[in-house]
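Report on the following structure.
The values are calculated or read from the model by the stated rules, or taken from the named source; none is laboratory data. These numbers were taken from a predicted model, which means no experiment stands behind them. Positions of Cβ are generated from backbone atoms using ideal geometry, with glycine treated the same way; all protein chains shown enter the neighbour counts. Quick note on the areas: whole protein, heavy atoms, side chains included, nothing else; ligands and nucleic acids left out. Shrake-Rupley method; radii C 1.70, N 1.55, O 1.52, S 1.80 Å.
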Amino acid sequence: MLDGYKILQISDLHIDVKTSYEEIKNLIHQVNQTTCDMLVITGDILDCNVKKIKEKLYLFKNLKHNSFYVSGNHDLVHGYHELNTLMKKCNIQLLDNRYEIIKYKKQDIILAGLSDKFSNFFKIQRHEKELTQEIKKSNLPKIFLAHQPKDYIHAQNAQSDIFLCGHTHGGQIYPFNYLVRLVQPFVSGLYYHKNLAIYVNNGLGAWGIKYRFFVNSEITILNFTNHEI
């Protein structure tokens, strides 16, 4: 029933003062040139205070696709509320702790999201129980977004069909991906857990050392078929 539906996922941009306008413009161009039904950003847009990169972030108003995002831990640190205000002006919808009904052909789809796991430390209430109980009642197809792979459990409790996340950077520098497995249940790529399909995006940016080694950056196209993505 969702045969042919395409989601473009990006994650972990980690935009800071060193990120150039050209890098963002090139990303937006690449996204706009990609055929999809929806764009989702699974957290960590920021890697410095919003005020320092405000004009760069406003470039996202040039995105052509129907776009949604959830917060990541770095967004909480560097300016959650300021980012949300700016993204709203760019017509990118925040999905933290809520859901939307989107349409594909004649099919309704639930698109739900959670704020990052550290939300409570920043006095941002996270309503995972209320959200999962609410959408669990529906028999509609469900797509669930969160920043960290650990939150797959909430997608599973909501009886979602697919869970999209990021956060890990795929380990960023080999062999740190093995260390990531000690704290996250999934590290990179596609997994299946019971009836839930899980995709962990490697992200586009880097954190700490601005370097990747044997772990590629990633823009993901998820193409639904009648059987699997």
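Tallying residues that are in a loop (DSSP other than H, G, I, E, B) and more than 19 Å from the chain's Cα centre (by Cα) within region 1-32 yields 8. The residue that is most open to solvent (accessible area, probe 1.4 Å), among those in region 98-132 that are farther than 25 Å from Phe60 by Cβ and part of a helix (DSSP H, G or I), is Phe121. Of all residues in region 149-162, those that are without any contact (Cβ under 8 Å) to a residue 60 or more places away in the chain have Cβ atoms under 6 Å from Cβ atoms of residues that are open to solvent by 70 Å² or more (accessible area, probe 1.4 Å), 6 or more apart or on another chain, in Ala158/Lys136; Gln159/Lys136. Consider Lys142 carefully, then state whether it is basic (Lys, Arg), crowded, with 20+ Cβ neighbours inside 10 Å and closer than 22 Å to Lys6 by Cα. The answer is yes for Lys142. Scanning region 78-92 for residues that are among the aliphatic types (A, V, I, L, M) and either under 19 Å from Asp37 (Cβ atoms) or open to solvent by 50 Å² or more (accessible area, probe 1.4 Å) (or both) turns up just one, Ile92.
If you filter region 29-68 down to residues that are touching a His at 6+ places or on another chain (Cβ under 6 Å) and of a type in the set (D, E, K, R), you find that the one that is nearest to Leu114 (Cα to Cα) is Asp44.
For region 77-89, the criterion of being closer than 21 Å to Pro185 by Cβ and of a type in the set (Gly, Ala, Ser) is met by no residue.
Put simply, of Leu2, Leu27, Leu95 the only residue that is buried (at least 21 other Cβ atoms within 10 Å of the Cβ) and in contact (Cβ under 8 Å) with a residue 40 or more places away in the chain is Leu95. In the condition set (1) surrounded by fewer than 21 Cβ atoms within 10 Å (Cβ to Cβ); (2) out of contact with any Phe, Trp or Tyr (no Cβ under 7 Å at 6 or more places or on another chain); (3) more than 15 Å from Asn201 (Cβ to Cβ), Asp75 is compliant with all but (1).
For region 33-59, what are the residues that are more than 16 Å from the chain's Cα centre (by Cα) and open to solvent by 30 Å² or more (accessible area, probe 1.4 Å)? Show your work before the answer.
In the first step, residues of region 33-59 are kept if they are more than 16 Å from the chain's Cα centre (by Cα); the result is 33-35, 48-59.
Gln33, Thr34, Thr35, Asn49, Lys51, Lys52, Lys54, Glu55, Tyr58 - these are the residues of region 33-59 that are more than 16 Å from the chain's Cα centre (by Cα) and open to solvent by 30 Å² or more (accessible area, probe 1.4 Å).
If you go through region 73-85 one residue at a time, do you hit one that is at negative phi, assigned to a loop (DSSP other than H, G, I, E, B) and in contact (Cβ under 8 Å) with a residue 40 or more places away in the chain? Among the residues of region 73-85, not one is at negative phi, assigned to a loop (DSSP other than H, G, I, E, B) and in contact (Cβ under 8 Å) with a residue 40 or more places away in the chain, which makes the answer no. Of the residues that make up region 60-71, is at least one open to solvent by 10 Å² or more (accessible area, probe 1.4 Å), in a helix (DSSP H, G or I) and at pLDDT below 95? No, because not a single residue in region 60-71 is open to solvent by 10 Å² or more (accessible area, probe 1.4 Å), in a helix (DSSP H, G or I) and at pLDDT below 95. For region 16-24, the criterion of being surrounded by fewer than 17 Cβ atoms within 10 Å (Cβ to Cβ), of a type in the set (S, T, N, Q) and touching a helix residue (DSSP H, G or I) at 6+ places or on another chain (Cβ under 9 Å) is satisfied by at least one residue.
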